[in-house]
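Scroll down for the structure; my scribbles are underneath it.
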Amino acid sequence: MTSTIAVAGATGNLGGRIAQALRQNGAEVWALVRPETGEDKLAGLIASGCGIVKVDLADPEQLQAALKGADVVVSALQGLRDVIIGTQGNLLKAAVAVGVRRFIPSDYAADFTRTAGEPNRNFDMRRDFGVILDAAPIEAVSVLNGMFMDLLAYGMPLFDLRKHSVSYWGEPDQLLDLTTMDDTAAASALVALDPQAPRYVRVAGDQISPTGLAALGGELTGTPFALVCAGSIDDLGRAIEAARTADPQGETQEFPRWQQMQYSRNMMSGKAKLDPVDNARFPSIRWTSVRDLATGMLARQGSR
Ligand SMILES: NC(=O)c1ccc[n+]([C@@H]2O[C@H](COP(=O)([O-])OP(=O)(O)OC[C@H]3O[C@@H](n4cnc5c(N)ncnc54)[C@H](OP(=O)(O)O)[C@@H]3O)[C@@H](O)[C@H]2O)c1
């Protein structure tokens with residue numbers, strides 16, 4: 001029987017990929033998009049065979065009508081508390097009201113189930129939504145994937161192929177979990193279609209430490225990489241507090257600098273480490289490694 005999956009956030013970076021991966025796996029996909037969404041944002045979804053459902057996620061009646069008959073709701077919404085608790089909460093209530101079997105929240109992060117003692121604004125709201133979800137009469141599955149590996153392509157200090165350096169906080173041998181958006185989407189689609197999926201599914205395309213990144217960078221470029229310690233995890237905690245105090249505007253932004261530092265702290269302290277990972281659930285996925293990603297980045301740099 002074909003599964004019918006409603007995807008909220010389907011016009012986004014990850015949601016679009018999940019919708020396409022679901023189609024590749026033979027699912028019927030309903031892409032829930034804002035009523036005012038322009039055709040330019042819908043072309044890829046339509047080309048891959050997704051049905052387009054224009055719906056105001058703030059309107060319970062519209063939402064229930066949109067979800068009626070869906071087996072699973074996948075959320076890939078992005079935003080602050082109003083979206084992750086508020087809008088996603090509307091989606092959950094409507095899903096329960098019309099008898100949807102399973103809900104996959106917009107988590108797709110490092111293991112925030114273990115970071116309560118090490119605050120991270122964006123992780124904390126996802127943990128709070130998890131409490132609401134677990135109390136609702138619906139199956140719940142979260143996908144945890146560490147950091148999107150694609151972010152390394154933006155010249156992060158963590159792996160700077162141009163400056164030949166790796167900058168880290170804490171311990172250089174701390175393993176970090178990294179998964180590409182495509183691999184996260186592929187795993188999420190399979191999870192949505194797997195009735196046996198557990199409450200949390202943890203995947204990592206690669207697990208590599210700052211020491212490992214420096215060795216890899218040196219090997220791939222032929223130039224030794226500097227391994228630079230920016231300070232201890234406690235130093236990073238103080239830097240986060242100072243940056244947050246100096247940036248009140250950041251409270252209304254999704255990714256102020258201090259928020260990025262909070263992600264770094266959770267990963268580099270090891271608190272948000274995915275352990276164990278469930279990659280073996282997905283024999284069909286050929287996980288992209290940091291080596292694969294960096295090789296592609298260097299090839300593109302060389303061809304410019
Ligand atoms: N692990 C990592 O390193 C990492 C990195 C980045 C993101 N993520 C996670 O991946 C998930 C998706 O992020 P993304 O980067 O794909 O986000 P994105 O590209 O910004 O897309 C967000 C989606 O949410 C929709 N949306 C937001 N508020 C809405 C509302 N009120 N009503 C209707 N639609 C709404 C947007 O619709 P419109 O297009 O109409 O605005 C869009 O489709 C999030 O959980 C995020 O935290 C993880």
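Numerical summary
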| quantity | calculated |
| --- | --- |
| Options 301, 207, 259, 249; residue that is surrounded by fewer than 17 Cβ atoms within 10 Å (Cβ to Cβ), at pLDDT 95 or above and either touching a strand residue (DSSP E or B) at 6+ places or on another chain (Cβ under 8 Å) or in a helix (DSSP H, G or I) (or both) | 249 |
| Elements of type strands (runs of 3 or more DSSP E) contained in the stretch 1-102, each with 2 or more residues being under 20 Å from residue 183 (Cβ atoms) | 4-8, 72-75 |
| Number of positions in the stretch 119-129 that are more than 15 Å from the chain's Cα centre (by Cα) and within 23 Å of residue 101 (Cβ to Cβ) | 1 |
| Selection status of residue 77, within 14 Å of the ligand (Cβ to nearest atom), over 20 Å from residue 190 (Cβ atoms), touching a Cys at 6+ places or on another chain (Cβ under 9 Å) and among the hydrophobic types (A, V, I, L, M, F, W, C) | no |
| Residue ID - surrounded by the fewest Cβ atoms within 10 Å (Cβ to Cβ), chosen from residues in the stretch 92-120 that are within 11 Å of the ligand (Cβ to nearest atom) and within 13 Å of residue 140 (Cα to Cα) | 105 |
| Scan of the stretch 183-196 for residues that are more than 11 Å from residue 145 (Cβ to Cβ) and either touching a Ser or Thr at 6+ places or on another chain (Cβ under 8 Å) or not in a helix (DSSP H, G or I) (or both), ordered by number | 190, 192, 193, 194, 195, 196 |
| Within the stretch 264-286, tally of residues that are over 16 Å from residue 235 (Cβ atoms) and part of a helix (DSSP H, G or I) | 3 |
| Counted residues, the stretch 141-164 - those being surrounded by 17 or more Cβ atoms within 10 Å (Cβ to Cβ) and touching a strand residue (DSSP E or B) at 6+ places or on another chain (Cβ under 8 Å) | 13 |
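The values are calculated or read from the model by the stated rules, or taken from the named source; none is laboratory data. Since the model is a prediction, treat every value here as computed from it, not as a measurement. Every residue, glycine among them, receives a Cβ derived from its backbone with ideal geometry; neighbour counts consider all protein chains shown.
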